[in-house]
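J.: One structure, pasted below without further comment.
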Amino acid sequence: MKVKPSQALGRQGEDLAVAYLEQAGFRPLVRNFRTRFGEIDIVCTKNGEYYFVEVKTRADHSRGKPVENFPWFRQERLKKMAAAYAQGNKISNTHLHLSLLGIDLSGGEPEVTFIADIT
């Protein structure tokens, strides 16, 4: 099966995101976790807290920078997905963070922007 360029870009971004998070002291638990509300790109922990990370990767700025395009309805969907994961894994909602990680590949080196808590 042939992989679409957008899927390859997304996969590359998620790989870079996991490497960044590990270097920052996070422990990735799950990638591409599916719920009835959608898919969480990365679930990770740090210091007993859980982070539900949406990864946005851009090869150019034709649609804006990676973290500039995350409207409220996508935040709400991420919140529902995080709650579904927490309920299924018996995790307290008080330890959940909705996060956004943008990867800009338009220059030479990838530029990473991480917002640990977007709420």
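J.: Could you check what % of the DSSP bridge pairs in the chain are antiparallel, to the nearest 5?
T.: 65 percent
J.: Let me ask another. 5 Å is the cut-off here: which amide hydrogens, built 1.01 Å from N in the peptide plane, fall below it relative to THR57, excluding neighbours closer than 5 in sequence?
T.: Sorted by chain and number, the residues that satisfy this are ILE103.
J.: Follow-up. Anything over 20 Å Cα to Cα? Flag those among LYS4/LYS79; LYS4/LYS80; LYS46/LYS90, in the order listed.
T.: The pairs that break the limit, which is 20 Å between Cα atoms, are LYS4/LYS79; LYS4/LYS80.
J.: With an 8 Å Cα cut-off and a minimum separation of 6 or more residues, compute the relative contact order for the chain in percent.
T.: Relative contact order, the chain: 23 percent.
J.: Here's a follow-up. Residue separation times 0.36 nm, minus the C-alpha to C-alpha distance between ARG63 and ARG34: what's the value?
T.: 7.9 nm
J.: Now for a separate question. Quick query: amide H of THR35 versus all other amide H atoms, modeled in the peptide plane; which residues come in under 5 Å with a sequence gap of 5 or more or a different chain?
T.: Here ILE40 satisfy the definition.
J.: Ok, one more. Would you calculate a helix-derived [θ] at 222 nm for the chain, using -39,500 (n - 2.57) for each DSSP H run of n ≥ 4 and dividing by the full residue count, to the nearest 500?
T.: Value at 222 nm, helices only: -10000 deg cm²/dmol.
J.: In which sequence would LYS65, LYS56 go, from the one with the fewest C-beta neighbours within 10 Å to the one with the most?
T.: Neighbour counts put them in this order, fewest first: LYS65, LYS56.
J.: A further question follows. Sort VAL67, VAL53 so that the residue with the fewest other Cβ atoms within 10 Å of its own Cβ comes first and the one with the most comes last.
T.: The order, fewest Cβ neighbours first, is VAL67, VAL53.
J.: Any chance you could run the full-extension gain for SER6 through GLU111? It's 0.36 nm times the residue separation minus the Cα-Cα distance, nm to one decimal.
T.: Using 0.36 nm per residue and subtracting the Cα-Cα distance, I get 36.0 nm.
J.: In terms of Cα to Cα distance under 18 Å, which lysines are near enough to LYS65, apart from those fewer than 8 places away along the same chain?
T.: LYS56
J.: Moving to a separate point now. In whole Hz and in residue order, list the ³J(HN,Hα) couplings for segment 90-98 that follow from phi through the Karplus curve 6.51 cos²θ - 1.76 cosθ + 1.60, θ = phi - 60°; x for Gly and Pro.
T.: 6, 10, 5, 5, 6, 10, 10, 10, 8
J.: Tilt of helix 5-23 relative to the longest C-alpha principal axis of the chain, in degrees (0 to 90, nearest 10)?
T.: Between the helix axis and the principal axis of the chain, the angle is about 60 degrees.
J.: Starting from the Cα-Cα distance between ALA19 and LYS46, subtract it from 0.36 nm times their residue separation and give me the gain in nm to one decimal.
T.: Working it through step by step, the gained length comes to 8.3 nm.
Just so you know, all these numbers are worked out from the coordinates, no wet-lab data involved. Remember, it's a predicted structure, so these values are computed and weren't measured experimentally. Quick reminder, even Gly has a Cβ in these numbers, built from the backbone with ideal geometry, and neighbours come from all protein chains shown.
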